[in-house]
Amino acid sequence: MTFDLVIRGGRVIDPANGLDQTTDIAFKAGKVAAIGSDADGSASEVIHAEGLLVTPGLIDLHTHIYWGGTSLGVDPDTYMSKTGCTTLVDAGSAGPANFHGFRSHIVEPAKSRVLAYINASFAGIFAFSPAVMVGESGDIRLLNPNEVVRVAKEHSDIIVGVKVRVGLVASDGIGAAPLDIAIEAADALGLPVMAHLDNPPPSRTEVLSRMRPGDVLTHCYRPFPAAPTRANGEVRDEILEARERGIIFDIGHGKGSFCWDVAGAMLDAGLPPHSISSDVHMMSAEGPAFDQLVTLSKFLHLGMDIPDIIRASTTGPAEAIGRPELGSISVGNAGDVTLLRVDEGAFPLTDANGVTVEARRRFGLAGFVRNGEWYRG
């Protein structure tokens, strides 16, 4: 059989299919066409991947990519080219008032696959910058569940949930009311909520007690206040109960939501994240998050096994958004894979508190395949 593209000799890690072995992957007509010995045959293009990790196309579950339409957006295709993340999930940059523009100006022209949580606030995240910072959930008049439901139904092919930001910054400390409204809209849509919590109020308990199985708590390893652990490293009871109930824990690193001490304590307690995401935006792209590969490298430094890290950037987020096919390399699936190096050296990595460690390994991008087309890293 003749293929359009074959990736040969890489270490293929596909947690969804229980695959971790050196093998080949073939693509034809934009899809995965064959795996293993079935990939033998001629090809228009062959990429030799010896010494590289070959994974399902990486998914960044928490991004802000409404470039030009919001103050915090980065360009999705530039970001894909830098990280090899073939699926980018925008975490509520757009609300009902401007989601149509987000679709027209970002989603439809993008070479990357763009999905989104619609913001529970009518205006989306409209004032997020070093100069102006106004939480979109602070004015309850902007939280109209009827509008969320109406617009989400119009864009049901790309909307994967409802995003709400609560806390002293995002909702002016008015408590859990914005979360209640977001959950009501999500219930009507049959979709999950992704909840952001910055400094209280509301408290962790107020937020987690309202969340339903399948809902996503982002910034799950954030530092004090609202950290999931106590000062002595003990995991809080409400965190344990929420995970037991099926709440999905997502990193959402961003500018201020990842702490070495918290991350170490959570991993030591056997509570790894379900999803590792960058929360990339115009400020966090300058550090300390930078991008998805830097964020993944922090978990490599913490001693998390490579297959588990890959799971948290493929299978985990794919399940969270109800698109499991995006997290696996299976014949007939979209032809998306990411090729990674593991570089050795001395690499400074910094958390949200400004604590810098020197890592001995980090992930680097060798290239990626999007819709069966090869892009060199």
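We did not get these values from a lab; they are worked out from the coordinates using the rules stated. If you're wondering where the values come from, they're calculated on a predicted model, not measured in any experiment. Don't worry about glycine lacking a Cβ; one is built from the backbone with ideal geometry, like all the others, and counts go over all protein chains shown.
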Query - Set Lys111/Lys153; Lys31/Lys82; Lys163/Lys255; Lys111/Lys298; Lys82/Lys255; Lys28/Lys255 screened for pairs whose C-alpha atoms are more than 30 Å apart - result: Lys28/Lys255
Report summary line: Counting only residues 5 or more apart in sequence or on a different chain, those whose built amide H sits under 5 Å from that of Ala359 are Phe347, Leu349
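Can you say what percent of the DSSP beta bridges in the chain, counting only those with both residues inside, are antiparallel? Round to 5. Spell out each step's value before the answer.
Values: 35 of 69 bridges.
Counting only bridges with both partners in the chain, antiparallel ones make up about 50 percent.
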Query raised in the report: If one puts a single equal scatterer on every Cα of the stretch 332-377 and applies the Debye formula without solvent, what log₁₀ I(q)/I(0) results at q = 0.19, 0.29, 0.30, 0.33 Å⁻¹?
Result: -0.69, -0.95, -0.99, -1.07
**Report entry** q = 0.08 Å⁻¹, the stretch 58-327: log10 I(q)/I(0) [Debye, one scatterer per Cα]
**Finding:** -0.27
Query raised in the report: For the stretch 337-345, what does the Karplus curve 6.51 cos²θ - 1.76 cosθ + 1.60, with θ = phi - 60°, yield as ³J(HN,Hα) per residue in whole Hz, taken in order and with x for Gly and Pro?
Result: 9, 10, 10, 10, 9, 10, 7, 10, x
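How high is the relative contact order of the chain? Use alpha-carbon pairs under 8 Å, at least six apart in sequence, and give a whole percent.
Numbers: 957 pairs, mean separation 70.4, N = 377.
This gives 19 percent for the chain.
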Report task. Between the alpha-carbon centers of the stretch 141-191 and the stretch 49-103, tell me the distance in whole angstrom. Result -> 20 Å
Requested in this report: Let me know the charge dipole size of the stretch 195-246 about its Cα centre in debye, to the nearest 20, where only the beta-carbon of Lys, Arg (+1) and Asp, Glu (-1) is charged.
Outcome: 80 debye
Query - Residue-by-residue Karplus 3J(HN,Hα) for the stretch 191-201, coefficients 6.51, -1.76, 1.60, Hz, glycine and proline x - result: 10, x, 9, 9, 10, 9, 10, 9, 6, x, x
Report summary line: When the charge dipole of the stretch 58-327 is computed with +1 at the Cβ of Lys and Arg and -1 at the Cβ of Asp and Glu, the Cα pointing farthest to the positive end, of Val207, Ala188, Gly175, is that of Ala188
Report summary line: Note, the stretch 27-44: 3J(HN,Hα) by Karplus (6.51, -1.76, 1.60, θ = phi - 60°), whole Hz, Gly/Pro = x, goes 10, 8, 6, x, 10, 5, 10, 6, 9, x, 5, 5, 8, 5, x, 7, 8, 5
